[in-house]
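Please read the structure below before turning to the comments.
Every number in this text was worked out from the coordinates using simple rules, so none of it is lab data. None of these values were measured; they are calculated from a predicted model. Cβ placement follows ideal geometry from the backbone for every residue including glycine, while neighbour counts extend to all protein chains displayed.
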Amino acid sequence: MAKNKKNTKFSTKSIHTGNRIDETGATVTPLHLTSTFRQPSFSSSEKFVYSRTGGPTIDALEENFAMLEDAKFSFAFASGMAAMSAIFLMFKPGDHVLISQNVYGGVFRLVTKVLNDNGVNFDFIDTTDLKIIKQAIRPTTKLIHLETPSNPLLEIADISSISKVCKSKNILVSVDNTFMSPYGQKPLNLGADIVMHSTTKYIGGHSDILSGA
């Protein structure tokens, strides 16, 4: 990823980061509408093979996502729920995960109707209260997932204070930053380990895309 200069404004970086000029000279990154990429030989190992694992357009998008959140890297998904699923699927049976109680309805349904039999223990708690969080942490707690501001009640969690508690206990903190957007809040800079978005909302902004990061 190109180095972001501190004196470059957010709007300028959001336009230019990841936007590569190809051999045609197009000022907008082309959409590569292909399922597969050419392999010169049976045993060749090219950078791009299938679009489900990556491509030039996806690379540009992920580079821009990383810049927006001051992240080391990012992964683009077909939806915000796909991104959320990827986070929760990192854990194994017996692990414990705490989640904001007023989390987005899709996340609630994912946990209670899809992942409820996978052996991971999920608990929904009031993450606006640090005392409640401390009381809910178990020896097996591996992640605290915050949605702040929450959708739709706009409840706020103290990312910085929660992250300090979690780091002392080797617990990861993930934040759904969909409603604030990286323009208003950068959770990684506040101590979080993972930040996710339904980019369908404020990152897209026009209700014409479905994606996640």
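Need the full-extension length gain, Asp22 to Phe10, defined as separation in residues times 0.36 nm minus the C-alpha distance. One decimal, nm.
1.9 nm
Give the peptides 186-199, 70-83 in descending order of average Cβ contacts within 10 Å, highest first.
Packing order, densest peptide first, comes out as 186-199, 70-83.
For Rg and Dmax of the Cα atoms in Å, pick the label among [x] 18.1, 57; [y] 18.8, 60; [z] 22.6, 64 that corresponds to the value derived from the coordinates.
So the calculated entry is the one marked [y].
Binning at 10 angstrom from zero up to the longest distance, how are the C-alpha pair distances of the stretch 34-94 distributed in percent?
Histogramming the stretch 34-94 at 10 Å steps yields 19, 39, 29, 13, 1 percent.
When the scattering of the stretch 81-195 is computed by the Debye formula from its Cα atoms alone, each counted once and equally, what is log10 I(q)/I(0) at q = 0.17, 0.22 Å⁻¹?
Log-scaled intensity ratios, in q order: -0.76, -1.35.
From the helices alone, meaning DSSP H stretches of at least four residues, give me the mean residue ellipticity at 222 nm for the chain, per-run term -39500 (n - 2.57), in deg cm²/dmol to the nearest 500. Please list the in-between numbers first.
On the way: 7 runs with 55 residues, N = 213.
Result for the chain, helices only: -7000 deg cm²/dmol.
For the pair Leu153 and Gln39, how long in nm is the line joining their label points, each one 7 Å along Cα→Cβ?
With each label point 7 Å from Cα toward Cβ, the separation is 5.1 nm.
Number of Lys pairs in the stretch 81-195 with C-alpha atoms less than 22 angstrom apart, excluding same-chain neighbours closer than eight positions?
So the count of such lysine pairs works out to 19.
Which lysines, on any chain, are close to Lys47 with Cα under 23 Å apart, when same-chain ones fewer than 8 places away are left out?
Cα-Cα hits under 23 Å: Lys3, Lys72.
What does the charge count near Ile171 come to, summing +1 for each Lys or Arg and -1 for each Asp or Glu among other residues with Cβ under 12 Å from its Cβ?
Taking every other residue near Ile171 into account, the sum is +4.
Tally Lys/Arg at +1 and Asp/Glu at -1 over every other residue whose Cβ is under 11 Å from the Cβ of Thr29; what's the total?
Overall, the nearby charge balance is -2.
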